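All remarks here apply to the structure that follows.
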Amino acid sequence: MQLFYNPRLDHSNKQFFFSPEESKHVVKVLRKKEGDVVHITNGRGSLFTAKILVADLRKCMAEIVDEEKTIPKRHRLHLAVAPTKMNDRFEWFLEKATEIGVDEITPILCEHSERKTIKLERYQRVLQSAMKQSLQTFLPKINPLTKYSDFLNLGHNAIGYIAHCQEGEKMDLKRRLVPDSSILILIGPEGDFSKSEISLALEKGFMPVSMGKNRLRTETAAIVACMTVAFANS
């Protein structure tokens, strides 16, 4: 199944137009014709089945014939991750986390961060592409780059965990997780969180956790966290 994304679709829509780029893909690449069926999601849990009315390269028109709602997960995962020095590694993380099942991502700016800027629009496109490729109907939310201390001061209605490499009492994440709950996990930069950043998180009620004995790259640690939460809630 080929899945398209249109955030404007809802139950009130009957007919709609694909964007020029998607129109070209539908008609020229997929060779769809009038009467053929396509599938679209709005990224908010709805899967629409539509029939093509006008197969135009520039303005393909379709009509909604069915809508199916995806049941939301009982747990929610928010990953706050320091962007990696190599941007392609962070984009790889975004893609894989979407495929596995993440709900929200906040890039955080830490004391040891080597990347201090991000391309938010590009990241949004990566998430959209991964959602469509993995045939999901919920698009993860990605927030602007946020200073670490500011992020912690926002207050979060979730069980918080901080993964770091410093010495100290830590428990494996899989042993700390509470299934069917809202979870927020902090993942630091290549140079790890600073001692003051760890202390601040502990003061805010975050629990220190380990991802195992091996030292992991930032993007690997984030994927391990995502997988651990997925398994705990499967």
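Please find, within segment 43-83, the residue that is nearest to Thr137 (Cα to Cα) out of those that are charged (D, E, K, R), outside any strand (DSSP E or B) and without any contact (Cβ under 8 Å) to a residue 60 or more places away in the chain.
So the first thing to find is which residues in segment 43-83 are charged (D, E, K, R), and the list is 44, 51, 56, 58-59, 63, 66-69, 73-74, 76.
Next, from what is left, pick out any that are outside any strand (DSSP E or B): 56, 58-59, 73-74.
Subset that is without any contact (Cβ under 8 Å) to a residue 60 or more places away in the chain: 56, 58-59.
On the way: Asp56: 26, Arg58: 26, Lys59: 24 Å.
Residue satisfying both the conditions and the ranking: Lys59.
Within segment 201-227, can you find the residues that are in a helix (DSSP H, G or I), of a type outside the set (A, V, I, L, M, F, W, C) and over 23 Å from the mean Cα position of the chain (by Cα)?
Here is the first cut: in segment 201-227, the residues in a helix (DSSP H, G or I) are 201-203, 218-227.
Next cut, of a type outside the set (A, V, I, L, M, F, W, C) only: 203, 218-220.
Matches in segment 201-227: Glu203 only.
If you scan segment 122-154, which residues turn out to be in contact (Cβ under 8 Å) with a residue 40 or more places away in the chain, assigned to a loop (DSSP other than H, G, I, E, B) and among the hydrophobic types (A, V, I, L, M, F, W, C)?
Hits for segment 122-154 are Leu135, Leu139, Leu145.
Quick test for you: out of Val29, Val38, pick the one residue that is without any contact (Cβ under 8 Å) to a residue 24 or more places away in the chain and of a type in the set (A, V, I, L, M).
On the way: Val38 fails: without any contact (Cβ under 8 Å) to a residue 24 or more places away in the chain.
None of the other options fit; the residue is Val29.
Can you tell me which residues in segment 174-186 are surrounded by 14 or more Cβ atoms within 10 Å (Cβ to Cβ), touching a residue at least 40 places away in the same chain (Cβ under 8 Å) and charged (D, E, K, R)?
So in segment 174-186, the residues surrounded by 14 or more Cβ atoms within 10 Å (Cβ to Cβ) come out as 174, 176-177, 181-186.
Within this subset, residues satisfying the condition of being touching a residue at least 40 places away in the same chain (Cβ under 8 Å) are 174, 177, 181-186.
Lys174, the sole residue that qualifies.
Inside segment 102-121, can you point out the residues that are in contact with a strand residue (DSSP E or B) (Cβ under 6 Å, 6 or more places away or on another chain) and touching a residue at least 60 places away in the same chain (Cβ under 8 Å)?
Passing the criteria: Val102, Ile108.
Does Pro189 meet the test of being open to solvent by less than 30 Å² (accessible area, probe 1.4 Å), in a loop (DSSP other than H, G, I, E, B) and not aliphatic (A, V, I, L, M)?
Answer is yes for this residue.
Of everything in segment 44-81 that's of a type in the set (Val, Ile, Thr) and farther than 25 Å from Arg31 by Cβ, which residue is least open to solvent (accessible area, probe 1.4 Å)? Even if it seems obvious, please write down each step before you answer.
Filtering segment 44-81 down to residues of a type in the set (Val, Ile, Thr) leaves 49, 52, 54, 64-65, 70-71, 81.
Cutting the leftovers down to farther than 25 Å from Arg31 by Cβ gives us 70-71, 81.
Values: Thr70: 58, Ile71: 148, Val81: 1 Å².
Taking the candidates together, the pick is Val81.
Working only within segment 185-231, note down all residues that are touching an Asp or Glu at 6+ places or on another chain (Cβ under 8 Å) and among the small types (Gly, Ala, Ser).
Of everything in segment 185-231, those that are touching an Asp or Glu at 6+ places or on another chain (Cβ under 8 Å) and among the small types (Gly, Ala, Ser) turn out to be Gly188, Gly191, Ser194, Ser196, Ser210, Gly212.
All but one of (1) open to solvent by 50 Å² or more (accessible area, probe 1.4 Å); (2) closer than 14 Å to Leu79 by Cα; (3) over 13 Å from the mean Cα position of the chain (by Cα); (4) of a type outside the set (Ser, Thr, Tyr) hold for Gly168; state the number of the condition that does not hold.
Status for Gly168: all satisfied but (2).
Please specify each residue of segment 124-146 satisfying the condition of being more than 12 Å from the chain's Cα centre (by Cα) and either among the aromatic types (Phe, Trp, Tyr) or within 14 Å of Val81 (Cβ to Cβ) (or both).
Within segment 124-146, Pro144, Leu145, Thr146 meet the criteria.
Just one of Arg115, Arg89 is open to solvent by 10 Å² or more (accessible area, probe 1.4 Å), assigned to a helix (DSSP H, G or I) and either aliphatic (A, V, I, L, M) or within 21 Å of Ile185 (Cα to Cα) (or both); which is it?
Arg89
The values are calculated or read from the model by the stated rules, or taken from the named source; none is laboratory data. A quick note: this is a predicted structure, and the numbers were derived from the prediction, not measured. We place every Cβ from the backbone using ideal geometry, glycine too, and count neighbours over all the protein chains shown. Quick note on the areas: whole protein, heavy atoms, side chains included, nothing else; ligands and nucleic acids left out. Shrake-Rupley method; radii C 1.70, N 1.55, O 1.52, S 1.80 Å.
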